[in-house]
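A short worksheet on the structure shown next.
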Amino acid sequence: MSHTHLISAPELQRLMQAGAPLMVFDCSFDLADPERGIADYHAAHIPGAIYAHLDRDLSAAGGPGASGGRHPLPTRERFAAWLASVGFSHGMQAVVYDRNGAMPGMRLWWLFKWLGHDAAAVLDGGLAAWLAAGGATAAQEETPRTPGDFSARAPLRPLVDTARVLAQLGQPGQTLIDARAGERYRGEVEPLDPVAGHIPGALNRPWMDNLAADGRFKSAAELRAEFDAVLQGRDAASVVHQCGSGVSAIHNLLAMELAGYAPAALYAGSWSEWCADRTRPVAKG
């Protein structure tokens with residue numbers, strides 16, 4: 001049985017002990033210090049895990065991308081080639097984790113779904129949960145693997161672009177949910193993008209609210225009640241998730257799926273792409 005959303009530390013340990021075909025990816029990343037994640041990885045990581053850098057590996061990194069914004073999506077073809085180059089193959093279970101509340105790891109989880117690979121799961125609670133379960137760590141560089149056979153298949157998650165969001169703005173067929181912290185959503189502060197505020201009509205659900213005190217996701221029932229309160233009767237099928245650069249938005253996307261909603265769309269360019277054109281409307285408050 002494959003894991004498609006979350007996997008617990010004991011479940012991952014059992015898979016590893018059984019020799020199941022899998023790859024583990026460490027996606028630790030700090031927006032304020034982009035090289036801290038790889039330093040943390042070199043200090044301690046789950047044995048066998050390879051490091052996936054948000055800027056260099058999980059984004060277009062200066063090349064042609066599938067979205068705009070601060071963290072533009074790589075093209076499906078380029079990212080599938082990267083996965084194959086690090087040893088990933090069809091038939092493997094992918095497990096992603098980080099040290100940041102699962103926020104950067106969400107990008108890789110979603111990329112797997114976008115490339116048509118459903119057997120991808122987030123380690124619930126991240127490295128802290130792994131350590132709490134008695135998991136070992138390694139500090140050495142991992143031996144490169146033989147390239148795999150992975151290639152892109154039909155997407156399992158929808159992606160929308162700025163033109164679509166703009167065309168549907170204010171229409172009942174689109175409900176934007178912004179995953180940024182409340183003060184950024186309201187436009188009180190903006191540490192990363194040139195314009196403060198939010199897309200008009202967007203609702204706010206900070207991604208951190210999906211986690212319990214121990215760093216794991218809240219129960220399905222809790223998440224359902226909280227997203228019902230955010231939606232206030234709006235059609236969940238109309239939801240498009242966004243944030244600052246399309247990364248933390250996926251935290252809400254996964255949380256809604258855990259709560260029993262059908263998969264929703266991602267606006268990967270998010271606020272950073274939206275506000276790059278000063279003719280687009282901006283709301284505050």
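Quick notes on this structure:
- Residue count for region 198-228, restricted to those that are within 22 Å of the chain's Cα centre (by Cα), closer than 30 Å to Asp277 by Cβ and in contact (Cβ under 8 Å) with a residue 60 or more places away in the chain: 5
- Qualifying residue in region 109-132 (condition: in a strand (DSSP E or B), touching a Gly at 6+ places or on another chain (Cβ under 8 Å) and in contact (Cβ under 8 Å) with a residue 60 or more places away in the chain): yes
- Tally, over region 76-126, of residues that are over 16 Å from the mean Cα position of the chain (by Cα) and not charged (D, E, K, R): 14
- Selection from region 57-97 of residues that are out of contact with any strand residue (DSSP E or B) (no Cβ under 7 Å at 6 or more places or on another chain) and of a type in the set (Ser, Thr, Tyr): Ser67, Ser85, Ser89
- Every pair of residues 6+ apart whose Cβ atoms lie under 8 Å, when the first sits in region 266-285 and is in the same structural domain as Ser248 (by TED's automatic domain parsing) while the second is of a type in the set (Phe, Trp, Tyr): Leu266/Trp110
- Selected residue (criterion: nearest to Leu211 (Cα to Cα)) from residues of region 64-87 that are touching an Asp or Glu at 6+ places or on another chain (Cβ under 9 Å) and surrounded by 20 or more Cβ atoms within 10 Å (Cβ to Cβ): His71
- Odd one out for Ala61, checked against (1) of a type outside the set (Lys, Arg); (2) touching a residue at least 24 places away in the same chain (Cβ under 8 Å); (3) surrounded by 15 or more Cβ atoms within 10 Å (Cβ to Cβ): (2)
- Matching entry among Leu169, Leu156 (being part of a loop (DSSP other than H, G, I, E, B), of a type outside the set (S, T, N, Q), modelled with pLDDT of 95 or more and more than 15 Å from the chain's Cα centre (by Cα)): Leu169
- Scanning region 15-44 for residues that are among the aliphatic types (A, V, I, L, M) and either over 15 Å from the mean Cα position of the chain (by Cα) or modelled with pLDDT of 95 or more (or both) gives Leu15, Met16, Ala18, Ala20, Leu22, Met23, Val24, Ala32, Ile38, Ala39, Ala43, Ala44.
- Test for Ala152: is it touching a residue at least 60 places away in the same chain (Cβ under 8 Å) and touching a Pro at 6+ places or on another chain (Cβ under 8 Å): no
- Residue check for Ser28: hydroxyl-bearing (Ser, Thr, Tyr), more than 18 Å from Leu131 (Cβ to Cβ) and not assigned by TED's automatic domain parsing to the domain that holds Gly269: no
- For region 40-56, taking the residues that are in a helix (DSSP H, G or I) and touching a strand residue (DSSP E or B) at 6+ places or on another chain (Cβ under 9 Å), the one that is nearest to Asp30 (Cα to Cα) is identified as Asp40.
The values are calculated or read from the model by the stated rules, or taken from the named source; none is laboratory data. These numbers come from a predicted model, not from an experiment. Glycine gets a Cβ as well: all are built from the backbone with ideal geometry, and neighbour counts include every protein chain shown.
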